[in-house]
1. Test ALA103 against the criterion of being within 15 Å of the chain's Cα centre (by Cα) and at pLDDT below 85, and give yes or no.
2. Take THR51 and tell me if it is within 20 Å of VAL5 (Cα to Cα), modelled with pLDDT of 90 or more, in a helix (DSSP H, G or I) and hydroxyl-bearing (Ser, Thr, Tyr).
3. Applying the selection to the stretch 1-40, what residues are of a type in the set (D, E, K, R) and not in a loop (DSSP other than H, G, I, E, B)?
4. Within the set of pairs 6+ apart or on separate chains, which have a first residue in the stretch 39-63 that is among the hydrophobic types (A, V, I, L, M, F, W, C) and open to solvent by 70 Å² or more (accessible area, probe 1.4 Å), a second that is modelled with pLDDT under 95 and not in a helix (DSSP H, G or I), and C-beta atoms under 9 Å apart?
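The values are calculated or read from the model by the stated rules, or taken from the named source; none is laboratory data. Here the structure is a predicted model, which is why all the values come from computation and not from measurement. Note that we place each Cβ from the backbone using ideal geometry, even for glycine, and neighbour counts take in every protein chain shown. Accessible surface areas use protein heavy atoms only, side chains included; no ligands, DNA or RNA. Shrake-Rupley method; radii C 1.70, N 1.55, O 1.52, S 1.80 Å.
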Amino acid sequence: MNNPVNLYRHILRTHRMLPREIRFVGDQYVKSEFRSHRNITDKKYLIPFFTQWTEYLALLQQQTGDEGATHAGTSRIGKHMDPELIDRLDDDKAEQLLELHRASQNHDTQSNDGAAEQGAVPPKRK
């Protein structure tokens, strides 16, 4: 995807296929990351940023059945991260990742217990 705005919009549209709590966390994270890169012009940072988000979109589309039939309620969303990649994260990114992990675990626990309240949202990061 060549246009950053189109990539951003397509990710948010694909998030509509996710369970509400996961969508909330995902939308907030995507918006935050794209805002933080809005004024960056150095391709050294932009190329990996957009490459990773394009790969994320492709994986999410595959896992949610972006063509209309959502599998989000029955399938696992996401993938395991490479430990080497985790080791290279700076402290802020590592903290964001940990908070996302906690929010997803919270969602899994609530879903499995049947205790998830309609409209409940995970805590905001920072």
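1. On the way: within 15 Å of the chain's Cα centre (by Cα): yes; at pLDDT below 85: yes.
The answer is yes for ALA103.
2. Numbers: within 20 Å of VAL5 (Cα to Cα): yes; modelled with pLDDT of 90 or more: yes; in a helix (DSSP H, G or I): yes; hydroxyl-bearing (Ser, Thr, Tyr): yes.
For THR51, the condition - within 20 Å of VAL5 (Cα to Cα), modelled with pLDDT of 90 or more, in a helix (DSSP H, G or I) and hydroxyl-bearing (Ser, Thr, Tyr) - is met.
3. Within the stretch 1-40, the subset of a type in the set (D, E, K, R) is 9, 13, 16, 20-21, 23, 27, 31, 33, 35, 38.
Passing the criteria: ARG9, ARG13, ARG20, GLU21, ARG23, ASP27, LYS31, GLU33, ARG35.
4. Close Cβ pairs (under 9 Å, with a partner that is modelled with pLDDT under 95 and not in a helix (DSSP H, G or I)) do not exist here.
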